[in-house]
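Peer 1: Dumping the structure here so I can ask a few things about it.
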Amino acid sequence: MKETVRNDGRFETAPNRGRPSAGIAASGFVLVWAVASLVHPLAHQVSDHAEAPLFPGAEITPSVSRIFSRACINCHSEKTQWPWYSQVAPASWFVESDVKRARKRMNVSRWDGLNAAGKRLLLTSIATVIENREMPPRRYSILHPEATLSADECVEVIEWTRAERRRLREAQVAPPAK
């Protein structure tokens, strides 16, 4: 309906004859775009390392492996269990960015691709961030309280990193077996 003012100052309503207004079309387009942008268009890709063990080749105890499985692998491996909100924008943008950045810093699924010096350096970094309580990040722990490490678990992981660094160092200087 279209309103017009008559000569006597009163409003007159007349039917709108013609095409829908550009405003309605634009609003419809914006609504469709907004809804479409909220849905993640592609499923998360499964890596060829998704089935690889954690820290392949390392001497890791079952309890330390369970700690890493519970608290670290969702971001620092290719075994990520993507939560439902990782399929919905804008949360998906943050989750994917965080996981990509975390894997770049440490990806335990690709441990076997590091040389001994790289492994020792990474083990030192793991111990440091755990000792300083930098991992897991607070915003992750809020949504995933099971990822928070107890004091005993922190000690256990730090002791494992020291033992594994020592093992790697000794293996590097040991003469080859005959």
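The values are calculated or read from the model by the stated rules, or taken from the named source; none is laboratory data. Predicted, not measured: the structure shown is a model, and the values here were computed from it. Quick reminder, even Gly has a Cβ in these numbers, built from the backbone with ideal geometry, and neighbours come from all protein chains shown.
Peer 1: Across region 67-90, what is the total count of residues that are outside any loop (DSSP other than H, G, I, E, B) and either in contact with a Pro (Cβ under 9 Å, 6 or more places away or on another chain) or small (Gly, Ala, Ser) (or both)? Quick ask: steps written out before the conclusion?
Peer 2: Looking only at region 67-90, we keep the residues that are outside any loop (DSSP other than H, G, I, E, B), and these are 67-71, 73-76, 84-88.
Filter again for either in contact with a Pro (Cβ under 9 Å, 6 or more places away or on another chain) or small (Gly, Ala, Ser) (or both), leaving 69, 71, 74-75, 86.
Within region 67-90, residues that are outside any loop (DSSP other than H, G, I, E, B) and either in contact with a Pro (Cβ under 9 Å, 6 or more places away or on another chain) or small (Gly, Ala, Ser) (or both) number 5.
Peer 1: Could you grab the pairs with beta carbons closer than 9 Å, sequence gap of 6+ or different chains, first residue in region 101-114 and in contact (Cβ under 8 Å) with a residue 12 or more places away in the chain, second one outside any helix (DSSP H, G or I) and basic (Lys, Arg)?
Peer 2: 108/79; 109/79
Peer 1: Between 131, 78, which is touching a helix residue (DSSP H, G or I) at 6+ places or on another chain (Cβ under 7 Å), touching a residue at least 12 places away in the same chain (Cβ under 8 Å) and surrounded by fewer than 19 Cβ atoms within 10 Å (Cβ to Cβ)?
Peer 2: Checking each option against the conditions leaves just 131.
Peer 1: On the given criteria, is residue 93 assigned to a helix (DSSP H, G or I), free of Cβ contacts under 8 Å to residues at least 60 places away in the same chain and over 18 Å from residue 168 (Cα atoms)? Before you say what the answer is, go through the steps one by one.
Peer 2: Values: assigned to a helix (DSSP H, G or I): yes; free of Cβ contacts under 8 Å to residues at least 60 places away in the same chain: yes; over 18 Å from residue 168 (Cα atoms): yes.
Yes: the conditions hold for residue 93.
Peer 1: Among the numbered criteria (1) under 26 Å from the mean Cα position of the chain (by Cα); (2) in contact (Cβ under 8 Å) with a residue 40 or more places away in the chain; (3) under 21 Å from residue 61 (Cα atoms), which single criterion is violated by residue 167?
Peer 2: (1)
For (1) assigned to a helix (DSSP H, G or I); (2) assigned by TED's automatic domain parsing to the domain that holds residue 103; (3) at pLDDT 85 or above, each residue gets a yes or a no:
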{"site": "128", "(1), (2), (3)": "yes, yes, yes"}
{"site": "134", "(1), (2), (3)": "no, yes, yes"}
{"site": "139", "(1), (2), (3)": "yes, yes, no"}
{"site": "155", "(1), (2), (3)": "yes, yes, yes"}
{"site": "161", "(1), (2), (3)": "yes, yes, yes"}
{"site": "164", "(1), (2), (3)": "yes, yes, yes"}
{"site": "167", "(1), (2), (3)": "yes, yes, yes"}
{"site": "178", "(1), (2), (3)": "no, no, no"}
